[in-house]
Amino acid sequence: MSTILYYTASLKNELIKLKRTFAFWLTIISAVLFPILFIVAYIFERETLVPAAGINPWEKFMVTQIENSTPFFIPMFIVLITSLIMQIEHKYLGIKHLFTLPVPKSSIYFGKLSIVILAIMVTYLYYYIAILLSGVLLGFVYQDLGFLNFSPEHLRYIKMLITSFVASFGIIGIQFWLSFRFKNFVIPLGFGMFLAIIGIIVSQAPQQSIYFPYSFSVLSVSLGEKMPLIFGISSVTIFSIVCFLITSVFGYLNIKKLNIK
Amino acid sequence: MNQLVVQTKNLNFSYSKNKKDIEDLELKVPKGSIYGFLGPNGSGKSTTIRLILGLLKKNSGTVALFGELFNGQSRLKVLNKVGGLIENPSLYEHLNAIDNLKISANYRQNISSSRIFEVLEIVNLTNAKNKRVKEYSLGMKQRLGLAISLLSNPELIILDEPTNGLDPKGIIEMRTLIKDLNKKFGTTIFISSHLLSEIEKTCTHVGIIRNGKMLYQDTVASLKESKGTNIKLEIEVDKPIEGMSALKNLKMENISLLDGFIQIEVKSKNEITNVIDVLRTERINIYQVSIKNNLEELFLSLTEN
């Protein structure tokens, strides 16, 4: 049987396993959390937020929201969703069953990793839709905010979200490995949350924290034009992808040799 | 029957450096047998099963399944012919039985959806197929675990303590199911248990393990023969003291009184009648005479000390 078939079977199964889990709901809750807060903020601060004539209100609405929520929230979300998705397996003693099936361990590891990435991508998608809908809703209710008179520059905001997503890749690799490796939920969660907070703090010193994966999410936004480039690509993007590749491969090799008790 | 489905040679494994958990284990499971792997709790049964299925990395020795060495290359081919239920079944409790079976069927790839309903029927769970596993009783979970291991019509089924936590009805059902599978499909079945009575009623072969070492391995029939020639009787009477003194004249071996029951050893079944005659002559009422299971003592003598 080809590797692709094993991999697609694994993906299919991971989707079935997500049914009726908190991990599934977390993607939706996380996506609507900030848009709801922004609706509330716009309702209360409406007078100060009415744009001057001819100014596109979407620009401020989108950029403020994306720049102030994703850098801090995404690392914590990744820590949580990765642990939750792996907990489905650990809680029901799934690993020992999966590893006695005639299936390559690689398709199990990378199938699950793909689902974690997919869940994060879907959250970004939900988030983007939720921001747009919240803007339109505000526009309907408060015409003076001007959301219905302009259209958002989709390409620019989608690019911002993609940059944030790619900058988080490094953490996905690390957190997935830890969550697969340790049955105890507290280890990957505690470790991840601790480092995510450290990441936010040390991002104040970009020269050093540019090598620290848990700071990448903040740096991808805070450095802006000052971002050092490697072959014309943002160094945070490159470091994040390299970190993801290394931790995924080493994570797999570690899991493959692991004694399943 | 000569072909070995599972064979280990000089199998060694330790969880820690200072203790050997499995020591030079030589396991031989013949094709078509129901092999009972017997040992007290913590003797290394589950560890051995994990070693056979490649969940643990052995320190030394070999494991061969279906005559083929189990290693990275043969892993998928060999596991294709095996169904396993290791300790508590791995079930996604937030899903129903069908989803759980579907997951295993998807991984195994070549399983039709009608097979899912077939195995549900075999383990008698058709009525509960849409219920979330969370709402299942322990026995139902155990049966669903077995259904999952049956999905691919495996040539070898490995069951780790399959009757653990089951009520008497569940135990009898499981026992019947195991025997049926073996009889109808010729499936080799490897069962671990710490209950001798369980193994004795179900299995054709037995391996007894203690502290990671194999103490005895043969057919159940040979084990029974090796237990000695004397038959132990337990007799319930209305007047045990008088019964004892009457029986002492018979010059039989090892007469004793235990919890109000007379215990006596006879050399053959014919002597049982003599014992009854003596008691009846003394007008002692007999309520029951039963042959005691000596296997239990043999098991204890093998596994203790």
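Within segment B:68-75, is even one residue crowded, with 17+ Cβ neighbours inside 10 Å and within 24 Å of B:Asn164 (Cβ to Cβ)? There is no residue in segment B:68-75 that is crowded, with 17+ Cβ neighbours inside 10 Å and within 24 Å of B:Asn164 (Cβ to Cβ). Exactly one residue among B:Ile103, B:Ile148 is assigned to a helix (DSSP H, G or I), within 13 Å of another protein chain (Cβ to nearest Cβ) and touching a Ser or Thr at 6+ places or on another chain (Cβ under 8 Å), and that residue is B:Ile148.
Screening A:Thr48, A:Thr27, A:Thr82, A:Thr64 for residues that are among the hydroxyl-bearing types (Ser, Thr, Tyr), within 22 Å of the chain's Cα centre (by Cα) and surrounded by fewer than 20 Cβ atoms within 10 Å (Cβ to Cβ) leaves exactly one candidate, A:Thr64. If you check B:Phe37, B:Phe13 for being surrounded by 14 or more Cβ atoms within 10 Å (Cβ to Cβ), closer than 22 Å to B:Leu300 by Cα and not aliphatic (A, V, I, L, M), only one passes: B:Phe37. Inside segment A:232-261, residues that are more than 17 Å from A:Ile174 (Cβ to Cβ), part of a helix (DSSP H, G or I) and more than 14 Å from chain B (Cβ to nearest Cβ) make up a count of 1. The residues on offer are B:Ala128, B:Ala105, and the sole one that is small (Gly, Ala, Ser) and buried (at least 20 other Cβ atoms within 10 Å of the Cβ) is B:Ala105. For first residues located in segment B:164-189 and β-branched (Val, Ile, Thr), partners that are buried (at least 19 other Cβ atoms within 10 Å of the Cβ) and part of a helix (DSSP H, G or I) and lie 6+ apart or on another chain with Cβ distances below 7 Å form the pairs B:Ile178/B:Thr202; B:Thr187/B:Leu181; B:Ile189/B:Ile178; B:Ile189/B:Leu181; B:Ile189/B:Asn182. Selection within segment B:190-225: residues that are among the polar types (S, T, N, Q) and free of Cβ contacts under 8 Å to residues at least 60 places away in the same chain. The member of this set that is nearest to B:Leu146 (Cα to Cα) is B:Thr219.
Only a single item in (1) within 14 Å of chain B (Cβ to nearest Cβ); (2) within 23 Å of the chain's Cα centre (by Cα); (3) closer than 30 Å to B:Gly84 by Cβ is not met by A:His97, and it is number (2). For segment B:41-65, a residue qualifies if it is over 21 Å from A:His97 (Cβ atoms), in a loop (DSSP other than H, G, I, E, B) and of a type outside the set (Gly, Ala, Ser), and the qualifying residues are B:Asn41, B:Asn59. Is it the case, given these coordinates, that A:Ser114 is within 14 Å of another protein chain (Cβ to nearest Cβ), touching a helix residue (DSSP H, G or I) at 6+ places or on another chain (Cβ under 7 Å) and touching a residue at least 60 places away in the same chain (Cβ under 8 Å)? Spelling it out, it is not the case that A:Ser114 is within 14 Å of another protein chain (Cβ to nearest Cβ), touching a helix residue (DSSP H, G or I) at 6+ places or on another chain (Cβ under 7 Å) and touching a residue at least 60 places away in the same chain (Cβ under 8 Å).
Scanning segment A:1-49 for residues that are assigned to a helix (DSSP H, G or I), away from every other protein chain (no Cβ under 14 Å) and modelled with pLDDT under 90 turns up A:Arg46, A:Glu47, A:Thr48, A:Leu49. Within the set of pairs 6 or more residues apart or between chains, which connect a residue that is facing chain A (nearest Cβ under 8 Å) inside segment B:64-84 to a residue that is of a type in the set (Val, Ile, Thr) and part of a strand (DSSP E or B) with Cβ atoms less than 7 Å apart? Once the first residue is facing chain A (nearest Cβ under 8 Å) and sits in segment B:64-84, its partners that are of a type in the set (Val, Ile, Thr) and part of a strand (DSSP E or B) give B:Val82/B:Ile158; B:Gly84/B:Ile158. Taking the criterion of being surrounded by fewer than 18 Cβ atoms within 10 Å (Cβ to Cβ), outside any helix (DSSP H, G or I), of a type in the set (A, V, I, L, M, F, W, C) and on the phi < 0 side of the Ramachandran plot, would at least one residue in segment B:177-193 satisfy it? No - not one qualifying residue is present in segment B:177-193. Out of all the residues in segment B:287-296, is one or more hydrophobic (A, V, I, L, M, F, W, C), over 30 Å from B:Val220 (Cα atoms), surrounded by 15 or more Cβ atoms within 10 Å (Cβ to Cβ) and at pLDDT 90 or above? Scanning segment B:287-296, I find no residue that is hydrophobic (A, V, I, L, M, F, W, C), over 30 Å from B:Val220 (Cα atoms), surrounded by 15 or more Cβ atoms within 10 Å (Cβ to Cβ) and at pLDDT 90 or above, so the answer is no.
The values are calculated or read from the model by the stated rules, or taken from the named source; none is laboratory data. None of the values given here were measured: they were computed from a predicted structure. Methodologically, a virtual Cβ is constructed for each residue, glycine included, from the backbone with ideal geometry; neighbour enumeration extends over all protein chains shown.
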